[in-house]
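Values in this text are rule-based calculations from the coordinates and carry no lab data. Not measured: the values here are computed from a predicted model. When we count neighbours, we look across all protein chains shown, and the Cβ atoms used for this are built from the backbone with ideal geometry, even at glycine.
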């Protein structure tokens, strides 16, 4: 039985583990956090490709999420600008992660063990952990996110670059919202797109994947442009410590939250303002992206965000990771030499990832288009139909 070590126990790592395990590999996952991962319930969008990938790995798709049938854009006054039929299932990060995690044996899942690098051997590779443990395997997979230590060693020239904007996220309980909001914006995949920012939102399951009406939540996502100096200030905590990539939500300063609240009062339509007001504490993350020119070398491969980050506008992070995993397992079946399998896998998935990566950047650029006459109320965005019809859709 061939052995694989996967560095990272998030969704990308667990997809790879499931795909390799189904192909007959022994798979051990090493996750740097000391407790089981949680995505704070953040919403994600499903695609047929993702659902088919789950089924291919014998993972249930029952009760996966909430079905929405329309996409709706609003202006500052809450008027409906556009409604497109667009049936789709929206779910949560926690739901997908919990399904994948349940499929992976506990004895092969190791928490509090971070990979800091690797060493290529003769037809083998060695994962090096932060406690200096070295674990030899036929295959080492970097699934350790956009700040991947495995990618940093394989491709030191590839850096995650800031997009020039951040995303604020929040969740509101359906039961806390007014009847008017429950009957209108809650039921749809909603948009508000004034120049310089963009809001999307949609219903997801409640705690414990509760899909009953009245027990669900609304996933609120707000992209806002920030200057570099402003971002540096937002990433600095009360003690003056600067967090170079992202800042833990509890460490965000009160004045940063106050500025966010003031901006919300000035910018949002009443329906989205109510959702935000009744949400749990919002949190933000800078948007970065990168794209690796290769996804495998020797006996070491990359999957998911470790290889490529496509900005969340395309809603393909989870789907891309699933496709990476299936492609990797398929290539390893076709080639007896692992380095050859990784070369074939890389050729296929680098091209596919590039399409998502560049499409996401194009969608991100629409945030800052300012038409003649302005678009402060979101009613005159020249890209409105493109945004509504192509956000969170599959990129072929």
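Take the Cβ-Cβ distance between residue 354 and residue 175 as r, set R0 to 45 Å, and report the resulting FRET efficiency rounded to the nearest 0.05. Efficiency computed from Cβ-Cβ geometry: 0.55. Taking label positions 7 Å along the Cα-Cβ direction at both residue 83 and residue 261, the computed distance is 3.5 nm, reported to one decimal. Each part reduced to its alpha carbon centroid, region 319-394 and region 122-151 end up 26 Å apart.
Does anyone have the angle between helix 93-103 and the longest principal axis of the chain? Alpha-carbon axes, 0 to 90°, nearest 10? Taking Cα atoms only, the helix is inclined about 30 degrees. Of all DSSP-defined beta bridges confined to the chain, some 75% are antiparallel rather than parallel. Counting only DSSP beta bridges whose two residues both lie in region 1-113, roughly 60 percent are antiparallel.
Ordering 286-295, 28-37, 138-147 by mean Cβ neighbour count within 10 Å, with the highest value first, yields 138-147, 286-295, 28-37.
The protection proxy used here, the mean number of other Cβ atoms lying within 10 Å of each residue, ranks peptides 248-260, 198-210 as follows, highest first: 198-210, 248-260.
Would you work out if region 1-44 is rounded, prolate or oblate? Take a ≥ b ≥ c from the square roots of the eigenvalues of the alpha-carbon gyration tensor; rounded if a/c is under 1.5, else prolate when a/b is larger than b/c, oblate otherwise. It comes out oblate by the Cα gyration axes. Compared with the dominant Cα axis of the chain, that is its longest principal axis, helix 317-334 is turned about 20°. The separation of region 1-79 from region 236-292, counted between C-alpha centres, amounts to 25 Å. Label-to-label distance, residue 270 versus residue 52, with points set 7 angstrom from Cα along the beta-carbon direction: 4.5 nm. Helices in the chain, meaning DSSP H runs of at least 4 residues, each add -39500 (n - 2.57). Divided by all residues, the mean residue ellipticity at 222 nm is -9500 deg cm²/dmol. Compared with the dominant Cα axis of the chain, that is its longest principal axis, helix 338-365 is turned about 10°. Calculated on the alpha-carbon coordinates, the convex hull of region 54-205 measures out at 195 cubic angstrom per residue. A simple packing score, the average count of other Cβ atoms within 10 Å per residue, orders the peptides 163-171, 58-66, 381-389, 18-26 as 163-171, 18-26, 381-389, 58-66, with the highest score first.
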